[in-house]
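Comments concern the structure below.
The values are calculated or read from the model by the stated rules, or taken from the named source; none is laboratory data. Quick caveat: nothing in here was measured; it's all calculated off a predicted structure. Cβ placement follows ideal geometry from the backbone for every residue including glycine, while neighbour counts extend to all protein chains displayed.
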Amino acid sequence: MQDPFDLLQLAATFDLDPAALEAAYLRAAAATHPDRFDDPLEQADAADRAAAITHAHGTLKDPVKRARVLLARLGGITQAAGSPPPALLMEVMEVREQLEAALHEQDQDEVVRLHEWAQARRQGHLNTLSTLFAADPTDTDAVTGQLNALRYMQRMLDQIDV
């Protein structure tokens, strides 16, 4: 599979401008759209390229997937596997207990508060990733740790119905 940054002709950076990503995607999608070709073989090839471009766009639009691509470019681990830092793990366990109690008591205000907490923590980890990639992108252990923390925050957000 081709590198999504290369495919969309974008600089490999974590802090990707959303407007630049959309413009690059639209430009590449228009250039490879199957309807631009008359020959059935060219149409099939264009359809494959269009699918790859759509996949690249989706990958770069998601900050976690984008971070994994950047890690892969650096030769680091591409899957965020493992546990978050122990302090975060304990904090998440405590918040999950609070969430369970709020759900049991049908305390929607508390559920919303915990959802906002998880969103804020997720954003904090995204900000830290941005800083890491800007300052020292070769610190793949730190990046992987942040990805692990993000995974926990995202899982919590996915489980909170607000």
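When V143, V162 are screened for being loosely packed, with under 14 Cβ neighbours inside 10 Å and touching a residue at least 24 places away in the same chain (Cβ under 8 Å), only V162 passes.
A quick yes/no check of all residues on (1) over 20 Å from M90 (Cβ atoms); (2) modelled with pLDDT of 90 or more; (3) among the small types (G, A, S):
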position: R113; (1), (2), (3): no, yes, no
position: R122; (1), (2), (3): no, yes, no
position: F133; (1), (2), (3): yes, yes, no
position: T140; (1), (2), (3): yes, no, no
position: N148; (1), (2), (3): no, no, no
position: R151; (1), (2), (3): no, no, no
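In this structure, A29 does not satisfy being of a type in the set (A, V, I, L, M), under 21 Å from D139 (Cβ atoms) and either more than 15 Å from the chain's Cα centre (by Cα) or part of a helix (DSSP H, G or I) (or both). A single entry from A118, A67 fulfils the requirement of being of a type in the set (A, V, I, L, M), within 21 Å of the chain's Cα centre (by Cα), part of a helix (DSSP H, G or I) and under 23 Å from A20 (Cβ atoms): A67. For first residues located in the stretch 106-122 and surrounded by fewer than 15 Cβ atoms within 10 Å (Cβ to Cβ), partners that are in a loop (DSSP other than H, G, I, E, B) and lie 6+ apart or on another chain with Cβ distances below 6 Å form the pairs V112/V162. Here is the figure for the stretch 29-70: residues that are at pLDDT below 95 and either of a type in the set (G, A, S) or more than 30 Å from L132 (Cα to Cα) (or both) total 24.
In the stretch 131-140, the residue that is surrounded by the most Cβ atoms within 10 Å (Cβ to Cβ) out of those that are out of contact with any helix residue (DSSP H, G or I) (no Cβ under 7 Å at 6 or more places or on another chain) and of a type in the set (A, V, I, L, M, F, W, C) is A134. Within the set of pairs 6+ apart or on separate chains, which have a first residue in the stretch 75-93 that is under 23 Å from W117 (Cβ atoms), a second that is surrounded by fewer than 17 Cβ atoms within 10 Å (Cβ to Cβ) and modelled with pLDDT of 85 or more, and C-beta atoms under 6 Å apart? Short answer, once both residue conditions are applied: S83/L89.
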